[in-house]
Every structure is written in structure tokens, then in C-alpha cells.
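Have a look at the structure below, then the notes.
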Amino acid sequence: MKRNILIICDAFPPAFAPRMGYLCKYINKSEWNPTVVSEQQESNTFKFLTGNCDTAYLNFYPAKNKILNKLIWIYTMIMDLLFNYKDKKFEKFISKITDKQQFDIVLCSTYRTFPLVAASKTAQKLNVPLIVDLRDIIEQYAGNEYISFGKISSIPFIGNFIISLFRKKFLENRNKVLKTASYVTTVSPWHVETLKKYNKNTTLIYNGFDPELFYPLHTINDKFRITYTGRIISLDMRNPTMLFEAIKKTNLTPDELKVEWYVDEESMIILQNHASKYDVSEYMEFKKYVQATEIPQILNSSGIILILTEYKKASSPKGIMTTKLFEAMAVEKPILCIPSDESFLKEKIEQTKTGLAARNVDEVTSFILKYYNQWKEKGSTSITPNHNEIEKFSRKGQARQFSEIFKKAINQN
């Protein structure tokens, strides 16, 4: 007999970080029956992950008029800062579901704080264990990239003050809930060590790849491409400077080498401005975002898959283990991480034998030329990875990890 699990999350399916979507896909095939409650957001990126469970959505901004919705957004932001407005409203919405159905456990997954408070109160009301899954945390960011309130920091005199208030509120709410959770799961060893300060039962479950979507195709490709998929956010978080410098040193022409960026418009502007400074604009090709189901083909058509981070500053991003890394590993294409984080990204790339975490421009130049020459000879690029290490990042295996934690929490309750 299946047990019922209530998954409360910030977005489902999300525009990014499809962790809960893949969990529902695979855990529904085991002894668990998931029901997801989420804030309604406009995103079709991972639409294919819906249909694996019952879902319910709360729309905080239902007005069809853009100006009215903007006013509602401002009101919600202020009320949330002062009174936890979103969590309180969300908790009432969730109660309509829990009044009709029994649940054995509550799992809350978020990248910041909302809806942890609502999930905690729901678990207490149901007298069931609470598992908290944190995909990203405020401490990992280089600056204020975690704030999705537009350019608040640019408001003279008060921008940084407003952000500091939200940061304080986010951390207070998060840390209070963490102390009440039976278990906390997160995405990298750095995150585990950070969050153990608030809950000693903090466990590592990496992000990963779906083995039914991501696998090597060994196709012949007509062009040599370096490919990046995702957002840039800021150059303090993801810095392609080393790549731009290396491109010029390869002496390859724009006809011989292209860098394809599957990014949003804001990321494109950042990249275009930065590429022009290094006189490599002709090498750049910008594509629109595509459905997540198209990503495997894009990666398999690549000569090199690009992972970006930053490591030069004390405020550089910490512990970020992007899903893109594991998906690149699964298709067995050479990975170029720029620059080396000298930490967990480098460690996993070396353990899996899937590429290079570059420390200088000469390393990047040699890496590009090595795989350009391989493509020139064979029509495609490939690597000989450590398959046993890569298999550890399968979404199927991660669903089993979550399942074991759920069972432990229920037995201890």
C-alpha cells in the first residue's frame, strides 16, 4: 500500500531546477503517492514533468491587467516582509487539500525561503514529519542575485537597506524552520556543512540527470560548437572571460568555431557586452530558450559543453553544483568548466573523467584545440568517462535516496 506524501514547493514545474519534477516522476513508481502544492508561475520549460502526480496551484497575481498585477505584487512584497503574508495565504490554501486527504509526510523544496513557514505549520497541524529540501541558499551567492525583485539595489539610498531587510527576514524564517525539520536535504557538500549549523540531520542528495533523456548518441555534427544552456545572472556568478581570451589564442576563425548560448534576454545582453570587450562577438551565436526535452539533442550536437562559475573573489559563488554539469556528464561530451572553482565542481569533473576545470587561459586554449582536432578527424567529439561515478547522479537513484529518508523520518516520528 502506497503512502501519501505532500510536496510543497515554490514552483512546479519550475523554469529551472527540476528536482521535484524528476522526484515525482520516479517516486510515483515506488511506494509513494505524491501530491504537489505550488505557487502558480508561468513556465513551460519542464511541462513534460507534469502528469506524474496530483497538483494544486495558488495564483498570487491573478489580475489580467499588468498595472494592477504590479500593484498587487508590490502589496504582496510589503505584506510578506511585515507579516509572512504569502506563507499564511498559502497555508490556508494547503489546508483545503489536507482537510480532504491524509498524508504521512510533508516535503518542502525551495531555493530561498518561501514556502517553508507554510510547510512547517502544515506538518505540525498534521502531526507528521517535515523534510526540508534546499536547492539553493542565500549564502552561496556572490551578491544579491537571489533577490528577484528587479533592480531594487539601484534605488538611491534605500535599495540596499530594503534588500538587507529581506535577507534578514529570509534567513530568520528559514533557520527557524530548519530546526523543526526531521531531515534537511541539499545539493552539495558545502551546502551540507553550512546548513548543519541549524539541523544536524542534513543530508547530501546531488542534482542529476534523467537517464531516460540524457545518454550519448554519438552523432556526426556538421559544426564545432561550444554550447552553454541556462542563465548568466551576473558575471560575479558566471564569468566567461577566460573563454573569450582563449578563443583569440586558438587562431580559429568564426567559421571554424562557434559558441552557442541558449539563454534568456538579460543573459544575452550581459554576454554581448562582455564579448565585444574581447573582440569575439563574431564567434557568438544566441539562441532562444528551448524546451527541456530538446536539451539532450543540443548537448549531443556539441563539441564542448560549457560550465561557468567564478573563483577570483572572496565573494565568489560557493558550493553550486548545477544540473547542467550532470546532464553534460551523461551525454559523454567533454566538459569545460571556467574558471575552476578549485572545489566540488573540479572534484566531480576529475572523478568522472569528463573534462577540465580550467585554471588559466592556456589550459582552455589547449582543451579547445584538442577537441576541435578530434571533431575535424571524426566529425564528433567524445570522452571515455568513469561510468560508475556518473551513475551516482541518476535521478532514479536520487529518488531512492529521498525514499529512504522519508521512511526513516516516519519510523522516528
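Does at least one position in the range 207-216 carry a residue that is modelled with pLDDT under 95 and over 28 Å from residue 25 (Cα atoms)? Checked the range 207-216: no residue is modelled with pLDDT under 95 and over 28 Å from residue 25 (Cα atoms).
Please state which one of 285, 294 is closer than 19 Å to residue 227 by Cβ, assigned to a strand (DSSP E or B) and outside the structural domain of residue 111 (by TED's automatic domain parsing). Even if it seems obvious, please write down each step before you answer.
On the way: 294 fails: assigned to a strand (DSSP E or B).
Residue meeting the stated conditions: 285.
Among the residues of the range 165-204, which ones are of a type in the set (S, T, N, Q), over 20 Å from residue 87 (Cβ atoms), in contact with a strand residue (DSSP E or B) (Cβ under 6 Å, 6 or more places away or on another chain) and not in a strand (DSSP E or B)? Give the derivation first.
Keep residues of the range 165-204 that are of a type in the set (S, T, N, Q), which gives 173, 175, 180, 182, 185-186, 188, 194, 199, 201-203.
Next, from what is left, pick out any that are over 20 Å from residue 87 (Cβ atoms): 185-186, 188, 194, 201-203.
Adding the requirement that they be in contact with a strand residue (DSSP E or B) (Cβ under 6 Å, 6 or more places away or on another chain) leaves 185-186, 201-203.
Hit for the range 165-204 is 201, nothing else.
Checking 328, 399, 409 one by one, the residue that is touching a Pro at 6+ places or on another chain (Cβ under 8 Å) and either outside the structural domain of residue 234 (by TED's automatic domain parsing) or modelled with pLDDT of 95 or more (or both) is 409 and no other. Every condition in (1) under 11 Å from residue 330 (Cα atoms); (2) surrounded by 17 or more Cβ atoms within 10 Å (Cβ to Cβ) is met by residue 375 except one, and the failing one is (1).
Only one entry in 137, 147, 152 is more than 19 Å from the chain's Cα centre (by Cα), surrounded by 15 or more Cβ atoms within 10 Å (Cβ to Cβ), of a type in the set (A, V, I, L, M) and at pLDDT below 95, namely 152.
Note on the range 218-262: among residues that are part of a strand (DSSP E or B) and of a type outside the set (A, V, I, L, M), the one that is farthest from residue 336 (Cα to Cα) is 262. Looking only at the range 1-28, how many residues end up being in a loop (DSSP other than H, G, I, E, B) and either under 21 Å from the mean Cα position of the chain (by Cα) or touching a residue at least 40 places away in the same chain (Cβ under 8 Å) (or both)? Residues in the range 1-28 being in a loop (DSSP other than H, G, I, E, B) and either under 21 Å from the mean Cα position of the chain (by Cα) or touching a residue at least 40 places away in the same chain (Cβ under 8 Å) (or both): 9 in total. Selection within the range 263-282: residues that are in a loop (DSSP other than H, G, I, E, B) and over 23 Å from residue 360 (Cβ atoms). The member of this set that is modelled with the highest pLDDT is 263. Pairs linking a residue in the range 76-96 that is assigned by TED's automatic domain parsing to the domain that holds residue 37 to a residue that is of a type in the set (Phe, Trp, Tyr) and loosely packed, with under 15 Cβ neighbours inside 10 Å, with Cβ atoms under 7 Å and 6 or more positions apart or on different chains, are 77/149. Where helices (runs of 4 or more DSSP H) sit wholly within the range 302-391, those with at least 3 residues that are closer than 30 Å to residue 111 by Cα occupy 323-331, 344-352, 387-391. For the range 242-286, the set of residues classified as of a type outside the set (Asp, Glu) and touching a residue at least 40 places away in the same chain (Cβ under 8 Å) consists of 242, 243, 246, 247, 249, 250, 252, 257, 259, listed by residue number.
On the stretch given as the range 70-97, residues that are surrounded by 14 or more Cβ atoms within 10 Å (Cβ to Cβ) and either among the hydrophobic types (A, V, I, L, M, F, W, C) or part of a helix (DSSP H, G or I) (or both) total 18.
From the list 230, 208, the one residue that fits, being more than 29 Å from residue 377 (Cβ to Cβ) and in contact with a strand residue (DSSP E or B) (Cβ under 7 Å, 6 or more places away or on another chain), is 208. Per the conditions (1) in a loop (DSSP other than H, G, I, E, B); (2) within 18 Å of residue 10 (Cα to Cα); (3) modelled with pLDDT of 90 or more; (4) not acidic (Asp, Glu), the sole criterion not satisfied by residue 100 is (2).
The values are calculated or read from the model by the stated rules, or taken from the named source; none is laboratory data. Since the structure is predicted, the reported quantities are computational estimates derived from the model, not experimental observations. As a convention, Cβ positions derive from the backbone with ideal geometry for all residues, glycine included, and neighbour counts pool all protein chains shown.
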